[in-house]
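Comments concern the structure below.
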Amino acid sequence: MESKKRKISIIGSTGSIGTQALEVLEKLEDKFEIIALAGGSNVELLKQQAEKFKPKYVCVGKNGAEKINISGAQVLYGPQGLDEICSNKENDIILVAVSGKIGLRPTLKAIENGIDIALANKETLVMAGDIVMKKAKDAGVKIVPVDSEHCAIHQCIKDINQVEKLIITASGGPFLHKTIDDMKNATVEETLKHPRWNMGRKITVDSATLMNKGLEVIEAHHLFNMDYDDIKVVVHPQSIVHSAIEYKDGSVIAQLGVPSMHIPIQYAISYPERFEGIKSKSFSFSEIARLDFEKPDFEKFPFLKLAYKAGKIGGSATVCLNAANEEAVFAFLRGEIKLFDIYEITSQVFNSHNVVKNPDIDEIFEIDEQIREQTKALINTKFC
């Protein structure tokens, strides 16, 4: 008997994760049916995707609404369109692959409607991890992480109650073996030359400062309900060991694979099943030859320590950290500040923030907006 196709929608189909997810789904067309695609400002790419994959719904931002006309698809617009997609119980799973705070409300809407989530949006858990995970648990909704590190941990864990600690690996980015002075004078182009991963611009900058790893520590805390003191980071330049766990008896279980997002994307959308995909049967121990590990340099990468601090404080501290860093990264990408200024700006805003202990969703968005305005004002006053 032919198995039933799993129905999926992608929020953020034109981004790095979204486009790679479609490459995965193209190889698994007998396993999945795409219900909806939602993109941002890249309307032409979204149109090409819709014409190729034939979704029932396409969602665009309001600015691009007049530019798109897809035969056979209903066109939806903006946040209301995302809500409609994430309320459609025809979906078996929704891949949330947008970058930024825009991913939080669709995730909550999917949970509200009992739809499982493949989560590739960091801000959802960094901003509102306590709320999101409780709602998912209460609704019986599975949240399977797409990040390679969290996906690795997810694959290793059989019983979280037997886990002693999580070990998250970091490539170290383009400046691992550079000096602090090299980083201070780094150009945008140098910063975006990641040695292992092909990612979006913002996350690549975060990888260069190790802020990305700090955000992943916060995500791991929420996803796996682990104390921050039991989440460790180790630098692993080859990006072959994607993360590991240590059990209470001292056994260490790690997940290995080539540095490709296709594998964790496929795992997240097909869980608990596994299929042959794009990167299947491509790993060779003899070709890898060696694996190196070292402790992170907290002096050169102070963001990691700041992220641990924010996570332990909790409440709106992580909202502040995320928003201030994001606005500072955008300023760096625009050429307005230097790489090390990102940390100076973020830490200054963070240290002046009055933490709200248990903010609700509306308060989280309000605080996020306030922090962004404060960060922009600081950048304009001090650096422009």
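Considering Lys202, Lys134, the condition of being more than 27 Å from Ile288 (Cα to Cα), part of a helix (DSSP H, G or I) and assigned by TED's automatic domain parsing to the domain that holds Asp92 is satisfied by Lys134 alone.
The residues listed here are Glu123, Glu112, Glu84; of these, the one that is farther than 19 Å from Thr14 by Cβ, assigned by TED's automatic domain parsing to the domain that holds Lys52 and not small (Gly, Ala, Ser) is Glu112.
Checking each residue in the range 302-337 for being among the small types (Gly, Ala, Ser) and closer than 20 Å to Gly100 by Cβ picks out Ala307, Ala310, Gly311, Ser316, Ala317, Ala323, Ala324, Ala328, Ala331. Residues in the range 64-74: is at least one of a type outside the set (Lys, Arg), part of a strand (DSSP E or B) and either modelled with pLDDT under 95 or over 22 Å from the mean Cα position of the chain (by Cα) (or both)? Yes, some residue in the range 64-74 is of a type outside the set (Lys, Arg), part of a strand (DSSP E or B) and either modelled with pLDDT under 95 or over 22 Å from the mean Cα position of the chain (by Cα) (or both). All conditions in (1) assigned to a strand (DSSP E or B); (2) over 15 Å from the mean Cα position of the chain (by Cα); (3) modelled with pLDDT of 95 or more hold for Glu90, with the sole exception of (1).
In this entry, Lys165 is excluded by the filter for residues that are within 22 Å of Ala310 (Cα to Cα), buried (at least 20 other Cβ atoms within 10 Å of the Cβ) and charged (D, E, K, R).
The values are calculated or read from the model by the stated rules, or taken from the named source; none is laboratory data. Quick caveat, the model's predicted, so the values are computed rather than measured. All Cβ positions, glycine included, derive from the backbone under ideal geometry; neighbour counts span all protein chains shown.
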